[in-house]
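Each remark here refers to the structure printed beneath this line.
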Amino acid sequence: MTDKAIISQESAELIEQMMRESKIEPGTVLDHGATPMIVKSVEGADKVTVYDTETGQSSSILYYMLPNALKKKRPNGKPYFSTKQTVIPKAGNMKCWLHPKYARREEFDALGLPTCNKSNLTNEFQVRRHMQKRHPQEWATIQEVENQKRNAEERKFQQSVITAMTGEEKKRGRTAKDD
């Protein structure tokens, strides 16, 4: 057997083992090491959680897609995904817009919006996606209020331009009727 064949066989055995391990129930202990890993929840009979081997981010995939996900390799030859979380993902410090300590909280309280304690988002995109996916009604409310403000500002600006132009015409002794 060649080295590639041995590695391929080992990979196939590892994938089979990971697939067997992925059929687990809540409370199952995955690793009995210094910090035991215990399954908290199972998303459904047809889904399994995999973890990015570099970032530690979790993803839910359909069970039948697990072999393909586990076979996927990075350019350096290491696997993209694992059924065990080996890297702790970096936590951010950005807050959900509905967080009690968010800067615009008073404005949102006046609108009667609920609170959310999510405070570990890593960037503005994640904050927006969190709002859109976890708080769709509140997101729509905030967007509507912002659109109304924007429209009011545009009307005010247009009105000031019209006032300025009609004032100029009056200074020159012209009126709209003269045109």
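The values are calculated or read from the model by the stated rules, or taken from the named source; none is laboratory data. Because the structure is a prediction, the values reported are computed rather than measured. Please note: Cβ atoms are built from the backbone with ideal geometry, for glycine as well, and neighbour counts cover all protein chains shown.
Summary table
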{"item": "Lone qualifier among Glu144, Glu154, Glu169, Glu138 - being surrounded by 10 or more Cβ atoms within 10 Å (Cβ to Cβ) and at pLDDT below 95", "result": "Glu169"}
{"item": "Residue match in the range 93-100 (condition: surrounded by 13 or more Cβ atoms within 10 Å (Cβ to Cβ) and polar (S, T, N, Q))", "result": "no"}
{"item": "Cβ pairs under 6 Å, 6+ apart, first in the range 71-82 and touching a residue at least 60 places away in the same chain (Cβ under 8 Å), second crowded, with 16+ Cβ neighbours inside 10 Å and not in a loop (DSSP other than H, G, I, E, B)", "result": "Ser82/Tyr51"}
{"item": "Count - residues of the range 93-137 that are in a helix (DSSP H, G or I) and over 17 Å from Gln57 (Cα atoms)", "result": "14"}
{"item": "Odd one out for Met131 among (1) under 30 Å from Ala91 (Cα atoms); (2) at pLDDT below 95", "result": "(2)"}
{"item": "Any hit, the range 76-92, residues being in contact with a Ser or Thr (Cβ under 7 Å, 6 or more places away or on another chain), under 30 Å from Val145 (Cβ atoms) and surrounded by 15 or more Cβ atoms within 10 Å (Cβ to Cβ)", "result": "no"}
